[in-house]
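The values are calculated or read from the model by the stated rules, or taken from the named source; none is laboratory data. Quick caveat: nothing in here was measured; it's all calculated off a predicted structure. As a convention, Cβ positions derive from the backbone with ideal geometry for all residues, glycine included, and neighbour counts pool all protein chains shown. Note: accessible area is taken over every heavy atom of the protein model, side chains too, but ligands, DNA and RNA are not part of it. Shrake-Rupley method; radii C 1.70, N 1.55, O 1.52, S 1.80 Å.
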Amino acid sequence: MLNGMAKRLIAVVFILLVSSTAWAQAPVEYKLSFPAPEHRWMQVEAKFSAVPAGVLQVRMARTSPGRYALHEFAKNVFDVTVVNSKGQPLTAMRPDPHQWDIANHDGTVVVTYKVFGDRTDGTYLGIDSMHAHINIPAALMFARGWFERPARVTFVQPPGKTWKVATQLFPTTDPLVFTAPNIHYLMDSPTDFSAFTLREFTVDDGQKRTGPPPTFRIALTHDGTDAEADAFARDVERIVRETIPIFGELPQFETNTYTFLSTYLPWASGDGMEHRNSTSLTSSGALRNPQQRQGILGTVAHEFFHAWNMERLRSAGVEPFDFEQADMSDDLWLGEGFTSYFDSLILYRAGLLPLDGLLGELAGSINAVTLGPGRQFRSAIDMSRLAPFVDAAVSIDRTAWPNLFISYYTYGSVIGLGLDLSLRDRSNAQTSGDQYMKALWMQFGRPGQKVPGKVSTPYTIDGLKESLAKVAGDRGFANDFFSKYVEGREVVDYGKLLGRAGMVLRKRAAGKAFAGQLQLQAGGSSLRVNGLVPWESPLYKAGVAQEDQLTNLGGVDLTSMAAFEEALSKQQPGVAVPLRYVRRSGEVVNGSITLEEDPRVEIVTLESTGGTLSDDQRKFRASWLNSQRQ
């Protein structure tokens, strides 16, 4: 392992090699200070030098890398002042809420402002007396048209603190000063400034390289013990090592490091956000809690997979990323959905998720997609295009999303499962979804790593289809798969495919009556329908709508959820049953409902049903689920 100075020298040489044109320009200089972090704000000084004659347009971002909706970060900016190189005040015009237009400067513009931040997650800014968790687009202004300029960022210690900096920004000889080769990279570089706990490990992917293998850093801010930090680091390393075989190699991490910015505090918001050489991981959960820890590790696996799939293997729809408008992609079913499929598979292969946990997650996703009414209206591509409306975006008005939308995470994960098992099925386990991801990496991701912060070879749907044709050795299969399951709204035969692995897909409550997947709230002498009634479900067909009150089913008064379950248990699917309910208008309706058989499925192993695995099923299951590490 090289010492810190040697690593920094390597980083500087790399910057000069890949970004000499950008570095020939005057950098944008930022100074971040924290006079009163307990009040949840920081002060930013942004200095723009060598400004061409005319108006300098300075803006706050409206979006953030990895997010697709608008977040309007300018709302938290206040106390803005603008001066020239001599400290003389300049007037800023405001053409819109996000922009400051500055004219009559002398080639230098210094903008100083305060920005409030009280949300610790991967999207916003979280500052308090314990740390500053900084998502750059939520904190730093940028100049329009200056995205090829380099940047220099200086951190100022809060009074009485001795915080450290964890970031993917390029280090200098000063531990509080960092650089970025361009503004694209700067905006993609979350930073934690705190007294974090540091754990490090190295991983050699077996590829030829001129320097040492990369270092993985875990900057952990939590309220736990050192022993918990050690155990967490060991599990993170297992995830890293189990992910590499899918793509065959590690990406080229600038500065030869990858950083897990891990904040697990009671007031943190649950989030995971991918970045080129780091990830921001936040949760109110604790490492000491086994159930919460399981979710934390799932997010680690998901976000690290993104170091390939999304950060370097990226859709043309979001490259380059637009910081002024919502970003729309046709391909989030792959970028997020396939990542969701593989993150669970990686956890199982790494020994961090039991088999019943994996099968439960797969069954839940299959239920959500096969039974979700949204699939009647939209394909996986259509769902991806809706990200600007649903990705951490909240509507004041009610929408019909529960009946019209299926998360591209979930939809894509079952497409990933279907493709993986289909490739294995048709080739007798000689090709797989792992190989498809590796092929995409070799075609689009690996050659796209030319400039930090950018992807030079983004893919399109046609490119994804072409890669599948090569992996499968069958263009007809690739065209058919995309036509049916990606561009169309069909689903694969999961029962048949899982059967090859000795798994049984069966109804989890066969013969039981079912009214629909409902959100009901008990209160007094009725059950209130709290959410949208699922499209074409038995309750929907009976005329029941959101905010109606269910009072009696088949002669049973619905005074509790237990009473509702009792009423269902007495009925048979396909038989009309008396139903009384009260509309939100107060109208009492005495009608009927024809219940259906519960369509939800579960996945169990063949041997748990008393069956015997064949040699073919055993080998197929092993090739799919076993660790891929050599």
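Structure data summary
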| quantity | calculated |
| --- | --- |
| Accessible-area composition of segment 257-408, carbon plus sulfur, in percent [1.4 Å probe] | 54 |
| Relative contact order (%) - criterion: Cα under 8 Å, at least six apart; region: segment 214-266 | 75 |
| The chain: antiparallel DSSP beta bridges as a percent of all, rounded to 5 | 80 |
| Mean Kyte hydropathy of 0.5 or more with a Cα span along the axis of at least 20 Å, helices from DSSP in the chain | 4-18, 355-370 |
| Sites matching GluC sites (Glu not before Pro) across segment 532-630 that sit in DSSP coil, with at most 14 neighbouring C-beta atoms within 10 Å | 536, 547, 587 |
| D_trans [Stokes-Einstein, Kirkwood Rh over alpha-carbon pairs] for segment 408-513, 25 °C, 0.890 mPa s, µm² s⁻¹ | 160 |
| Heavy-atom accessible area order for 223, 420, largest first, 1.4 Å probe | 223, 420 |
| Proportion of all alpha-carbon pairs of the chain beyond 44 Å (%) | 28 |
| Two-site label geometry, residue 267 and residue 200: point separation in nm, points 7 Å out along Cα→Cβ | 3.1 |
| For residue 588, solvent-accessible area (1.4 Å; no DNA, RNA or ligand), Å² | 90 |
| Accessible area per residue, Å², the chain with all protein chains present, probe 1.4 Å | 40 |
| With all protein chains modelled, accessible area of residue 582 [1.4 Å, Å²] | 40 |
| For segment 473-577, average projected area of the Cα convex hull in nm² | 9.6 |
| Accessible-area order (highest first, 1.4 angstrom probe) of the listed residues 346, 396 | 396, 346 |
| Rounded percent of accessible protein surface that carbon and sulfur make up, segment 101-198, 1.4 Å probe | 52 |
| Long pairs among 164/450; 75/161; 47/86, criterion Cα-Cα beyond 19 Å | 164/450; 75/161 |
| Per-residue [θ]222 nm for the chain (sum of -39500 (n - 2.57) over DSSP H runs n ≥ 4, rounded to 500) | -8500 deg cm²/dmol |
| DSSP-defined beta bridges in segment 262-370 - what % are antiparallel, rounded to 5 | 50 |
| Rg and Dmax [Cα atoms of segment 91-195; Å; Rg one decimal, Dmax integer] | 14.9, 43 |
| Solvent-accessible area of residue 146 with every protein chain in place, 1.4 Å probe, in Å² to the nearest 10 | 20 |
| Gyration tensor verdict on segment 17-143 (Cα atoms; rounded if a/c is under 1.5, prolate if a/b is larger than b/c, oblate otherwise) | prolate |
| Ellipsoid equivalent to segment 364-414 - semi-axes via the Cα gyration tensor, in Å | 18, 12, 10 |
| Residues of type lysines that residue 541 reaches as a straight line, Cα spacing below 23 Å, ignoring anything fewer than 8 places off in the same chain | 507, 512, 570 |
| Shape category assigned to segment 298-407 from the gyration tensor of Cα positions, a/c cut at 1.5 | oblate |
| By accessible area with a 1.4 Å probe, ligands and nucleic acids excluded, highest first: order of 324, 72 | 72, 324 |
| Cα-centre dipole for the chain with unit charges at Cβ (Lys and Arg positive, Asp and Glu negative), debye to 20 | 660 |
